[in-house]
Amino acid sequence: MTLMRDSAIPHPAWIEIDLCQFKKNLREIRNRIGEKRFCLCVKADAYGHGLIEIGKVAELEGIDYLAVAFLKEGIFLRQAGLVMPILVLGAFDPAQIQDFIEYNLEFTISSRMKAELVEEICTKIQKKCRVHLEVDTGLRRTGVRVETAIELIPSLFQYKYLELVGVYSHFASSYHPNNPVALEQISQFSFLQQKIGKKNLIWHLANSGGVMFYPESHFDMVRPGFVCYGYMPDGKEDKTGAIAPIFSLKARVSYFKVVKAGEGIGYNHLYTPSKQTRVVTVPLGYADGFKRDFSNKGFVLIRGKKFKIVGIVCMDQFMVDIGDNEAYVGDEVTLIGRQGADRISMEEAASVINTVPHELLCSLNGRLSRYYRVV
Ligand SMILES: *Cc1c(COP(=O)(O)O)cnc(C)c1O
């Protein structure tokens, strides 16, 4: 196994990203969507996997588009040398329009007013821009209503500088099959497409749930994130084994000690063992995105066994009660991922702190080293 570290500076806690499995995931999704275009969501540092590294693999693998939330994420990708189409999904500030154009980034308009403003600014600077119109079919976050879109789209075709490239919408609940809200959104989006006609636009709706459970939502392009990083939207494992997680979180034991019965451990002595026990310290904490909610609740694997986190998770470290078991300074600790025959899944870790894998993934941040498995 060849691992490439993102930085030459040694660090005792790290994320491992399996780029070989990532390519397998992309190919498996490609198989499922057939001829449709594939837009990979890489917002939030590619869900914590590393924006640039993931973006580069996507470009080499022939992915058609990348999607990010904000202008700056698009600029980072261009500065890293990527040339593939990039769509910015989030709402923009008019002051950013020149940058969208300069960096060749497609962006989203989600109101008539913004559309008019963009045309006005682009006319002034005599430059064309490529935009997608966002339509709200049920999420009620951003986007114009379907009725508005029916009137707005034909008028956008009259614009000289604003070039309408695509029309899209986003699901409110697609992570399980047969959801009536998802079915209604698909039907709303189809209705809009019928009213307008395909008109050489890229019509797109499907996120990970859409890709996996709603083939009728694939339209011209799909826009998954989560599933590409190896997670099934419904939280189950992929039975075929073709799609698998690519993210592990690891560290090395930094300290070992014996704590006597009745001696409190960590800030506020949140945990006090009732009998003498062995305690190891692990050098990552909430400043790395390993949330404080894991205090007294989370688990880790050391030497193939599962142990409980005890006491409060500190900014840079936390403690683990290993009972009568053996562990040494320097031993590998797995917080998320496989160790030997055992494993702590992302779903399991996220559920300990009452959140979804998405949030945990993008919390774990750049203070940790990242290693990439490349062959
Ligand atoms: C984040 C996002 C996606 C990808 O969602 P996943 O559930 O991760 O597949 C697609 N479209 C929009 C608009 C998004 O914000």
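The values are calculated or read from the model by the stated rules, or taken from the named source; none is laboratory data. What you are looking at is a predicted structure, and each value in this text was computed from that prediction instead of being measured. Neighbour counts are summed over all protein chains in view; Cβ atoms, including those assigned to glycine, are modelled from backbone coordinates with ideal geometry. Calculation scope for accessible area: heavy atoms of the full protein, side chains included, ligands and nucleic acids excluded. Shrake-Rupley method; radii C 1.70, N 1.55, O 1.52, S 1.80 Å.
Here are a few things to note about the model shown:
- Accessible-area composition of the stretch 13-126, carbon plus sulfur, in percent [1.4 Å probe]: 51 percent
- Principal-axis tilt of helix 19-33 within the chain, Cα atoms, nearest 10 degrees: 40 degrees
- Note on exposure: Ser190, Ser274, Ser351 ranked by accessible area (1.4 Å probe, complete protein assembly) read Ser274, Ser351, Ser190, with the most exposed listed first.
- Carbon/sulfur fraction of accessible area - the stretch 224-346, other protein chains in place, 1.4 Å, %: 48 percent
- Net charge contributed by nearby residues that have their C-beta within less than 12 Å of Ile52 (K/R +1, D/E -1): -2
- Surface accessible to a 1.4 Å probe, per residue, for the residues of the stretch 268-366, Å²: 45 Å²
- Put simply, the convex hull of the Cα atoms in the stretch 194-276 casts, on average, a shadow of 11.4 nm².
- Only Cα pairs under 8 Å and 6+ residues apart enter the sum, and on that basis the relative contact order of the stretch 258-355 stands at 26 percent.
- Take each peptide in 326-339, 38-51, 63-76, count the other Cβ atoms within 10 Å of every residue, and average; sorted highest first, the result is 38-51, 63-76, 326-339.
- For the chain, adding -39500 (n - 2.57) for each run of n ≥ 4 DSSP H residues and dividing by the number of residues yields -8500 deg cm²/dmol at 222 nm.
- Net charge over other residues, Cβ less than 15 angstrom from the Cβ of Cys228 (K, R count +1; D, E count -1): +2
- Only Cα pairs under 8 Å and 6+ residues apart enter the sum, and on that basis the relative contact order of the stretch 1-127 stands at 17 percent.
- Across the chain, the mean sequence separation of Cα contacts (distance under 8 Å, 6 or more residues apart), normalised by length, yields a relative contact order of 20 percent.
- Karplus-derived HN-Hα couplings along the stretch 100-106 (A = 6.51, B = -1.76, C = 1.60, θ = phi - 60°), whole Hz, x at Gly and Pro: 3, 5, 4, 9, 6, 10, 7
- Lysines with Cα under 22 Å of Lys306, excluding same-chain neighbours fewer than 8 positions away: Lys236, Lys250, Lys257, Lys260, Lys275, Lys291, Lys297
- Bridge type composition, the chain - antiparallel percent by DSSP, nearest 5: 55 percent
- Non-local lysine pairs in the stretch 94-196, meaning eight or more places apart or on different chains, with alpha-carbon distances under 18 Å, amount to 7.
- Solvent-accessible surface of protein heavy atoms, probed at 1.4 angstrom with all chains present, puts Asp136, Asp293 in the order Asp293, Asp136, largest first.
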